Amino acid sequence: MSVDIVIEDPRWADIEPLAQKATDAALERLGLEPSAFEISLLACDDARIAALNADFRGKPQATNVLSWPSEERAAIVDGEMPLPPSPGGDAELGDVAIAYDTCAREATEAGKPFADHTLHLLVHGTLHLLGFDHVRDRDATLMEGLETEILGKLGLSDPYRM
């Protein structure tokens with residue numbers, strides 16, 4: 001997958017291989033050819049993501065990751081698979097922003113390596129671009145199951161197991 005990265009916070013200097021690994025793994029799991037798609041990734045800090053969260057979601061606080069799909073792909077029925085990207089359609093899946101401060105804090109609190117938590121958040125954000133969500137219960141179960149499976153194939157443990 002082509003990942004166009006804008007690094008606003010220099011602490012994200014090593015994000016490119018993690019972004020490539022996470023996005024490719026998510027697309028491959030869904031039977032999509034990674035080389036046919038692209039996303040834009042903003043690697044920022046908490047102040048920037050809080051401003052984005054306020055502007056786009058009306059929530060003026062920092063969060064770990066935000067996603068803006070290029071088109072609506074969500075499933076109509078709770079728990080069903082979202083619509084896949086249109087064959088021969090726009091290769092651009094959308095935009096993702098990830099906040100260094102929140103990601104680092106969450107990794108520390110969970111006792112996980114920073115890179116592992118970053119991979120999880122990038123898989124999570126990519127799945128959002130592909131129409132997955134966690135607002136409705138069965139949608140959340142589907143999305144979390146996919147995240148766990150994808151991360152397992154990358155050698156990481158279930159991020160939802162306490």
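Each residue of region 37-47 in turn: what ³J(HN,Hα) in whole Hz from Karplus with 6.51, -1.76, 1.60 and θ = phi - 60°, glycine and Pro shown as x?
Coupling constants for region 37-47: 10, 9, 9, 10, 10, 9, 9, 10, 10, 5, 4 Hz.
Charges only on Cβ, +1 for Lys and Arg, -1 for Asp and Glu: so what's the dipole of region 2-153 about the Cα centre, in debye to the nearest 20?
Working: 12 positive and 29 negative charges, 60 e Å.
Dipole of region 2-153, to the nearest 20 debye: 280 debye.
Using DSSP, restrict attention to beta bridges with both residues in the chain and report what percent are antiparallel, rounded to the nearest 5.
Numbers: 5 of 18 bridges.
Here the antiparallel bridges make up roughly 30 percent for the chain.
How far apart, in nm, are the 7 Å Cα→Cβ label points at residue 2 and residue 91?
0.4 nm
Just rank 32, 83, fewest to most, by other beta-carbon atoms within 10 angstrom. Display every interim value, and only then the final one.
Details: 32 17, 83 14.
Listing 32, 83 from fewest to most nearby Cβ atoms yields 83, 32.
Based on DSSP H runs of at least 4 residues, each adding -39500 (n - 2.57), what is the mean residue ellipticity at 222 nm of the chain after dividing by all its residues, to the nearest 500 deg cm²/dmol?
-14000 deg cm²/dmol, from helical runs alone.
Between residue 21 and residue 154, what is the spin-label point distance in nm, taking each point 7 Å from the Cα along the Cα→C-beta axis?
Distance between label points: 0.7 nm.
Please arrange 56, 37 by how many other C-beta atoms lie within 10 Å of their C-beta, fewest to most. Can you show the working numbers first?
On the way: 56 11, 37 23.
Least to most surrounded, the residues fall as 56, 37.
Excluding residues on the same chain fewer than 8 positions from residue 153, give the lysines whose Cα lies under 21 Å from its Cα.
Residue 153 reaches 21, 112.
What is the Cα coordinate range of the chain on the first, second and third principal axes, sorted by size from largest, in whole angstrom?
36, 33, 31
Quick one: if the Förster radius is 35 Å, what FRET efficiency do residue 71 and residue 115 give, using the C-beta to C-beta distance and rounding to 0.05? It would help to have the intermediate numbers written out before the result.
On the way: r = 31 Å, r/R0 = 0.88.
So the FRET efficiency works out to roughly 0.70.
Cut-off is 10 Å between beta-carbons; in what order do 126, 118, 148 appear when sorted fewest neighbours first? Present the calculation step by step, with values, prior to reporting the outcome.
Values: 126 30, 118 27, 148 18.
Listing 126, 118, 148 from fewest to most nearby Cβ atoms yields 148, 118, 126.
Each value in this text was obtained by applying a stated rule to the coordinates, not by laboratory testing. Here the structure is a predicted model, which is why all the values come from computation and not from measurement. Note that we place each Cβ from the backbone using ideal geometry, even for glycine, and neighbour counts take in every protein chain shown.
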